[in-house]
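Reading through the structure tokens given below for one structure.
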Amino acid sequence: MKKKLMITLVAAFLGWNLGLNAQVVNTDIPTEDDIEADIEDEDDIDDEEEDEEENAEELTNDEFAVTDDEGNEEVIEFPEAMTYDLDSLLNLYMSKTYLSPGDCEMKNENPTFPKEVYIERLSRIPSVMELAYNDIVQRFIDRYSGRLRYSVSYMLGAANFYLPIFEEALETYQLPLELKYLPIIESALNPKAVSRAGATGLWQFMLGTGKQYGLEVNSLVDERRDPVKSSYAAARYLRDLYKIFGDWNLVIAAYNCGPENINKAIHRANAGTAGQVNETLNKDYWHIYPYLPAETRGYVPAFIAATYIMTYYCEHNICPMTTRLPAQTDTVMVHRDVHLEQIAGVIGTDTDLLRSLNPSYRRDVVPGNTKPSTIRMPLADTGKFIDNEDSIYNFRVSELLTKRLVVDVNDDLPTFSRKRGSYSRRSGRYSRRSARNSRRGRARGGSSITIQRGQTLSQIAKRNGTTVAKLRKLNGLKGNSIRAGKKLRIR
């Protein structure tokens, strides 16, 4: 839309200059009608420019407009991963440590081709899934090959880390291997990605769906961030979606917006076919396309474009970042809580490296007390961990693992001085019964004692500075008989 606006402005500018040149040559004197007509034309141009500016302002960087042959304009949203800042991707630990600019010289030139070339290239990709071409797919290809070309360079390098994991999980469930490109439009291959809706990890699992497919999520652990576990969970989810829809384009769309929204779109698109059984409904993605959520309408085209650009990046002068594969890793099992900084401090490894290898531990704490937990680390460090395990558990434990198992309760009783209104504490230990008796006495406005064995009213009265008559009156006694263990009010 911005390009269209610029073309309109340039055309208006050039037209105005041509008009000036014509006036220099033309010696005819314009009439009042000519002047009024010119003013009306200029007003029309201004109105058109204002409309273009309003339309341009309405569209954000997260969407684009497509106009069909009948002049109807449709706004399509880019998947959220297509709006990520490249700097955020390059600042990931794996990117800073193992990726570097490619060996080839990346030209900032994106050649364009006739649509027949794109159609022919898509047809040559070995794929079970349908990779159809249309104007919307072309817009997404243009986005990847143009504005996002440096992000594509990053993803081509990061693919060496993650695509083998994706392919193994997909192959386990006999799914099309082209689905390995789904995390490109889901997360831009950022294992720490969190969407506006809270979807997390490379495969962008929502909390409920992740738990449904066996991913543990709590305050300390989020297995949606684990590349291996989330990949196998995603493969099972995609398999189940295919059992429902039997069409891979609908599976991809349902992965984005949920199977419920796809079913609604199918029935709305087939509203004129009342009476048909569900099996005969038209379930083609491009048939139900107008009834899908805005982002989902761009989701399948984005997937096709991602598959295209990850295959034909060379034809668009995009150089993959060079990848240095990390050192071989292994896992150790722990049965006690341990902090990643405890491990790094004792065996002398990098805490950021441990975080990158164990992304599911969201607060750097491995909850071994909850259940046996695994920690991935460089193969050379596993022996060091085993040899120094006791030292690791005791290293900075009070500083890094601050949860207490047992605590003492402060049982000092606060007292108040009525005369000064000041607050103080009496040291010493009091039984709960004594404190409770004291509160009861204050609530009644006086004090009381417990009658001991052998005590008489006369002795009690003398010890507490009162008389037998007052004690009888306070306690409603008719005689001098009292019983040990009973309460007796003395004030």
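The values are calculated or read from the model by the stated rules, or taken from the named source; none is laboratory data. Just so it is clear, the model here is predicted, and its values are computed rather than measured. Neighbour counts run over all protein chains shown; Cβ positions are idealised from the backbone, glycine included. Surface accessibility is based on the protein's heavy atoms, side chains included, excluding ligands, DNA and RNA. Shrake-Rupley method; radii C 1.70, N 1.55, O 1.52, S 1.80 Å.
Between Asn261 and Ser127, 0.36 nm times their residue separation minus their Cα-Cα distance comes to what? Walk me through the numbers on the way to the answer.
Values: separation 134, 0.36 × 134 = 48.24 nm, distance 2.64 nm.
Here the segment from Asn261 to Ser127 would lengthen by 45.6 nm.
What number comes out for the charge environment of Asp85, summing +1 per Lys or Arg and -1 per Asp or Glu over other residues with Cβ under 14 Å away? It would help to have the intermediate numbers written out before the result.
Values: positive: Arg147, Lys192; negative: Asp62, Glu80, Asp87.
Spelling it out: positives minus negatives among the neighbours equals -1.
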Assuming R0 = 45 Å, what is the FRET efficiency of Glu399 and Asp240, from their Cβ-Cβ distance, to the nearest 0.05?
-> 0.50
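What's the extension gain from Ala65 to Gln212 if we count 0.36 nm per residue and subtract their Cα-Cα distance? Spell out each step's value before the answer.
On the way: separation 147, 0.36 × 147 = 52.92 nm, distance 3.66 nm.
Full extension from Ala65 to Gln212 adds 49.3 nm.
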Pairs beyond 20 Å (Cα-Cα), from Lys192/Lys371; Lys192/Lys229; Lys96/Lys192; Lys462/Lys487 = Lys192/Lys371
Computed label-point distance, nm, for sites Arg483 and Ile386 using a 7 Å Cα→Cβ extension = 7.4 nm
Once label points are set 7 Å from the Cα along Cα→Cβ at both Asn160 and Asn72, what is their separation, rounded to one decimal in nm?
-> 4.8 nm
Pull out a ≥ b ≥ c, the square roots of the eigenvalues of the alpha-carbon gyration tensor of segment 98-164, then state rounded if a/c is under 1.5, prolate if not and a/b is larger than b/c, and oblate in the remaining case.
-> oblate
Rounded to whole Hz and in sequence order, give me ³J(HN,Hα) for segment 161-170 from the Karplus expression 6.51 cos²θ - 1.76 cosθ + 1.60, θ = phi - 60°, writing x for Gly and Pro.
-> 6, 9, 4, x, 5, 4, 5, 5, 5, 5
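Within 13 Å, Cβ to Cβ, of His267, how many net charges do the neighbouring residues add up to if Lys/Arg are +1 and Asp/Glu are -1? If you can, show how the numbers build up before the last one.
On the way: positive: Lys264, Arg268, Lys283; negative: Glu260.
Its environment carries a net charge of +2.
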Short version: ³J(HN,Hα) in whole Hz for each residue of segment 127-138, in order, from phi by Karplus 6.51 cos²θ - 1.76 cosθ + 1.60 (θ = phi - 60°), x for Gly and Pro, what are they?
-> 8, 6, 7, 7, 10, 7, 10, 6, 5, 5, 4, 4
Which order, highest average first, do 393-406, 82-95, 332-345 follow once you tally other Cβ atoms within 10 Å for each residue and take the mean per peptide?
-> 332-345, 82-95, 393-406
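Assign one of three labels to segment 72-199, namely rounded, prolate or oblate, based on the Cα gyration tensor with a ≥ b ≥ c the square roots of its eigenvalues; rounded applies when a/c is under 1.5, prolate when it is not and a/b is larger than b/c, and oblate otherwise. Each step should come with its number before you reach the end.
Values: a/c = 1.36, a/b = 1.18, b/c = 1.15.
Rounded is the answer for segment 72-199, as its axis ratio a/c remains below 1.5.
First select every other residue whose beta carbon is under 13 angstrom from the beta carbon of Arg363; then total the charges, Lys and Arg +1, Asp and Glu -1. Don't skip to the answer; put the middle values down first.
Details: positive: Arg225, Arg355, Arg362, Lys403; negative: Asp222, Asp337, Glu341, Asp364.
Neighbour charge sum, excluding Arg363 itself: 0.
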Roughly how many nanometres apart are two label points built 7 Å out from the Cα toward the Cβ at Asp330 and Asn134?
-> 5.4 nm
How large is ³J(HN,Hα), in whole Hz, for each residue of segment 461-478 in order, when computed from phi with the Karplus curve 6.51 cos²θ - 1.76 cosθ + 1.60 and θ = phi - 60°, using x for Gly and Pro?
-> 4, 5, 5, 9, x, 9, 10, 5, 5, 5, 5, 4, 5, 5, 10, x, 8, 9
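Stretch Ala197-Ser100 to full length: gain in nm at 0.36 nm per residue minus the Cα-Cα span? List each step's numbers first, then the result.
Numbers: separation 97, 0.36 × 97 = 34.92 nm, distance 3.21 nm.
That works out to 31.7 nm of additional length.
Quick check on my link table: of Lys180/Lys403; Lys211/Lys283; Lys115/Lys243, which ones sit more than 31 Å apart, alpha carbon to alpha carbon? Show your work: numbers first, answer last.
Values: Lys180/Lys403 41 Å; Lys211/Lys283 29 Å; Lys115/Lys243 34 Å.
Long pairs (Cα-Cα over 31 Å): Lys180/Lys403; Lys115/Lys243.
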Of the accessible area of segment 63-191, computed with a 1.4 Å probe and all protein chains kept, carbon and sulfur make up a percent value of 47 percent
Quickly rank 174-184, 318-328 as a protection proxy: mean count of other C-beta atoms within 10 Å, highest first.
-> 174-184, 318-328
